[in-house]
1. Just to be sure I understand the filter: pairs with C-beta atoms under 9 Å, separated by 6 or more residues or on different chains, first member in the range 81-98 and on the phi > 0 side of the Ramachandran plot and part of a loop (DSSP other than H, G, I, E, B), second member open to solvent by less than 50 Å² (accessible area, probe 1.4 Å) and at pLDDT 90 or above. Which pairs pass?
2. Name the one entry in Glu16, Glu25 that is out of contact with any Cys (no Cβ under 8 Å at 6 or more places or on another chain), part of a helix (DSSP H, G or I), open to solvent by 60 Å² or more (accessible area, probe 1.4 Å) and not aliphatic (A, V, I, L, M).
3. Could you tell me whether the range 104-120 includes any residue that is assigned to a strand (DSSP E or B) and more than 17 Å from the chain's Cα centre (by Cα)?
4. Can you tell me which residues in the range 121-138 are of a type outside the set (S, T, N, Q) and in a loop (DSSP other than H, G, I, E, B)?
5. Taking the range 139-156 as the region of interest, how many residues are touching a residue at least 24 places away in the same chain (Cβ under 8 Å), not β-branched (Val, Ile, Thr) and not in a loop (DSSP other than H, G, I, E, B)?
Amino acid sequence: MAINYVTEEGLKKLKEELAHLEGVERPKVIQQIADARDKGDLSENAEYDAAKEAQSHLEAKIASLKMQLANTRVLDSSRIDTSSVQILTKVTIKNVKNNMQMTYTIVPESEGDLKAGKLSVTTPIAKGLLGKKVGEQATIKIPAGEAIFEIIEITL
C-alpha cells in the first residue's frame, strides 16, 4: 500500500473515525446480531443474515482504516519553504482575465475541501501552481477552457 500523506488535522480525523467505528458502530452491530439470534432459527432469519453482513462490511472498513493509518505520514509544516507553491502552502492567486483573487491551501488528496479553501494537490489547478513563485503565471486547463493565474502571495 502506498504511503498516505496527511496534515495533523487529517490524522486526527482518521483516528476519530476509527475510534467511532470500533467504539460505537461495532457494539451496535454486535447487539443487532445478538437480538437477531434470540429470534430463533438462524437458517431462515433475514435479520441475522443482514446483521452478519453489516458486521463483515464494518470489520473490512476498520481493517482498511488501520492499514491506512499504519501507512500514514504527517507532513511537517515547519519544513515547508514558502518561496514556491507546494503542499501545505497557502497561495493567493489572481485570474489574469477577470482580476478575481482566490486563496487556497494546497493539501493532500484526502483532505481536499474546496468550500473550506483546501485544494487537493491532485487537482489541475494545484498541479499547475506547484513550483511557481510569487509573480509567476500559470496557464491551467479548466472545464471552461484555459485560465491564466498569477501568483500573488505564498504563506503558511
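The values are calculated or read from the model by the stated rules, or taken from the named source; none is laboratory data. Quantities reported herein were computed from a predicted structural model and do not represent experimental measurements. All Cβ positions, glycine included, derive from the backbone under ideal geometry; neighbour counts span all protein chains shown. What goes into the accessible areas is simple: the full protein's heavy atoms, side chains included, and nothing from ligands, DNA or RNA. Shrake-Rupley method; radii C 1.70, N 1.55, O 1.52, S 1.80 Å.
1. Hits for this filter: Leu88/Thr105; Leu88/Ile106; Leu88/Val107.
2. Working: Glu25 fails: open to solvent by 60 Å² or more (accessible area, probe 1.4 Å).
Answer to the selection: Glu16.
3. no
4. Taking the range 121-138 first, the residues of a type outside the set (S, T, N, Q) are 121, 124-136, 138.
Listed by number, the residues that qualify are Val121, Leu130, Gly131, Lys132, Lys133, Val134, Gly135, Glu136.
5. 4
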